[in-house]
Amino acid sequence: MKIARLFFFLFLLQSLNAQGFTPSLPVQSTEIYKNSNIYQQDFLYLCEGLVEFHANVFKNFPEKEFNKEKETYYKDLAACNNEKEFGYIANKFTNRIRDLHTNVKIKGAIGNNYTYPFRCKYLVDTLVIMAVSDQLPFSLCGERIKSINGIDIKDIEKKSSEIYITENYVSLQNNIMQSINTTGYLKSTGIIHADTEGVKVSTYGGKEFEAFPNFNGEWKSQIPNNPSITERISEPFSYKIVKEDSLCYIQFNQMVDKRIGEMYLDLIPFWKRWFVKTIRFFGGSAGFSKENFEDFLNLCIEDIEKNNIKKVIVDLRWNTGGSASLGDILLYAFGVDKYKSYTSEIKESELYKLQMKTLGIEKVISDDKDTTDGFRYTKFAKGVENIKSRFHGDVYFITSEWTFSAAVQLATIVEDNHLFKVVGEPISERPSHFGEVLFLKLPNTKVICSISSKLFHRPDQSKDNDETLYPDVTIYKTYDSIKEGIDPVYNWIVRH
């Protein structure tokens, strides 16, 4: 297995605990730096660090605009007096890079963060109330939000896109629907001005209601409790033989198996490694499977053959990524020998070399191809030598707004190479995207910033600028399908 195929996954997992590095930068010896407050100094250091260490900071944030906005935010930080405010302002700036992996790591919102008694979800392009507490009428479930405090939802989307890190409209929707019922989010977008302030919500159905940030009790919704075949589970990967539909359903939630997880463990500090191994000793998963992926696939394919199954579904709707090598093992098991792969550009900066040295890696293999003919061969992935039998029937991959990282790469490889059908909803990350995170520690506040060192290009570079991965067949969930416990994507595949 090539180190480059693991690199992105390893640093993603370390992001919450990364120590970071603070290499010296020329800006630290300038007069403007010396005459600035600590927040302005850290912002100037961050700006120079982005230029020096990011894979291509000016790709989506032209240099002229970068320098102009840098001056604006520098002035805004003159009155800054805490780290959260600094992070909020700095991230408004880094948001312009349009890279979900590049940001300032600040935990929590400015001030208190209270919850309003309603929860929402975007369905296509409309924000729908999915649940309420006892403080609000149950009949509000299913209502589509039109405005909050007189501000149209489309204007709220625009405000959010200026403040929060997004790569496309789907990731903007994800950000809004997870946070719009909190005072922290509504304050940051200027919809409210105090932690105790109520909101007046209007819906497209003509209803109006007022809510206060005093959520308590239980959430109530119209969503049924009876689990469906495709109900999300906690395991990284699992399968079911569905005899009545003559198919095998594989839920692939994380591209991490026993081998990948243990390789990660070898790179973390001893005390953390001891803690994780103790959890596993007592039966816990510690975030990764207890079996290798090829062993799982062997059992799955054996069951497929035993039941004469000709159709397989691979559900990536909740897959947050991991090691791309598991994608190769999966494709090999499905009869794929080669495909046009991602290509990449890596910036081997001083920060990059510092981080590599700490990991004990003197030189990372950055060539993603296994041969010189432009194809990647699945047989070279570690683990495929243990695959006992290969499936050669129909395969369908499902994507959603939650499909992320290495799972995005897998779905994009499948679609760009026309290997199998991709069905479902667009994703929240660009198929051609930044990744392989480095960690920069700011000199004064000691705040950690993550910075992408690599730019990945999808196999079909004619679509390199596409905002999202559009499935071969796009099928959106609706409120009625959720309410009735129906999975329209699964049903389409069964009928197809």
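The values are calculated or read from the model by the stated rules, or taken from the named source; none is laboratory data. Keep in mind that this is a model prediction, so the values were computed, not measured. Ideal geometry is used to build each Cβ from the backbone, glycine not excepted, and the neighbour counts take in all protein chains shown.
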Can you tell me which of (1) in a helix (DSSP H, G or I); (2) within 20 Å of Leu136 (Cβ to Cβ); (3) in contact with a Ser or Thr (Cβ under 6 Å, 6 or more places away or on another chain) is the one Asp195 doesn't meet?
(1)
Taking the stretch 47-70 as the search range and keeping residues that are part of a helix (DSSP H, G or I) and aromatic (Phe, Trp, Tyr), which one is surrounded by the fewest Cβ atoms within 10 Å (Cβ to Cβ)?
Phe66
Only one residue in Ile250, Ile223, Ile229 is closer than 26 Å to Gly142 by Cα and modelled with pLDDT of 90 or more. Which one?
Ile229
The stretch 432-463 - residue that is of a type in the set (Gly, Ala, Ser) and touching a residue at least 24 places away in the same chain (Cβ under 8 Å) and, of those, farthest from Ala406 (Cα to Cα):
Ser450
For the stretch 81-131, how many residues meet the condition of being in contact with a Pro (Cβ under 7 Å, 6 or more places away or on another chain) and surrounded by fewer than 20 Cβ atoms within 10 Å (Cβ to Cβ)?
2
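Suppose we filter Lys446, Lys463, Lys441 for residues that are under 18 Å from Leu410 (Cα atoms) and either surrounded by fewer than 20 Cβ atoms within 10 Å (Cβ to Cβ) or at pLDDT 95 or above (or both); which single one remains?
Lys463
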If Lys311 satisfies every condition in (1) charged (D, E, K, R); (2) surrounded by 14 or more Cβ atoms within 10 Å (Cβ to Cβ); (3) over 30 Å from Glu401 (Cα atoms); (4) modelled with pLDDT of 90 or more but one, which is the exception?
(3)
From the list Lys382, Lys357, which residue is over 25 Å from the mean Cα position of the chain (by Cα), at pLDDT below 95 and surrounded by fewer than 16 Cβ atoms within 10 Å (Cβ to Cβ)?
Lys357
Please find, within the stretch 412-421, the residue that is nearest to the chain's Cα centre (by Cα) out of those that are buried (at least 24 other Cβ atoms within 10 Å of the Cβ) and within 19 Å of Ile475 (Cα to Cα).
Thr412
Filtered residue count, the stretch 382-395, keeping only those that are of a type outside the set (D, E, K, R) and over 19 Å from Glu294 (Cα atoms)
0
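For the condition assigned to a loop (DSSP other than H, G, I, E, B), more than 30 Å from Lys121 (Cβ to Cβ) and assigned by TED's automatic domain parsing to the domain that holds Glu350, what is the one hit in Leu419, Leu438, Leu455?
Exactly one residue qualifies, and that residue is Leu419.
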So Lys59, is it free of Cβ contacts under 8 Å to residues at least 12 places away in the same chain and of a type in the set (D, E, K, R)
no
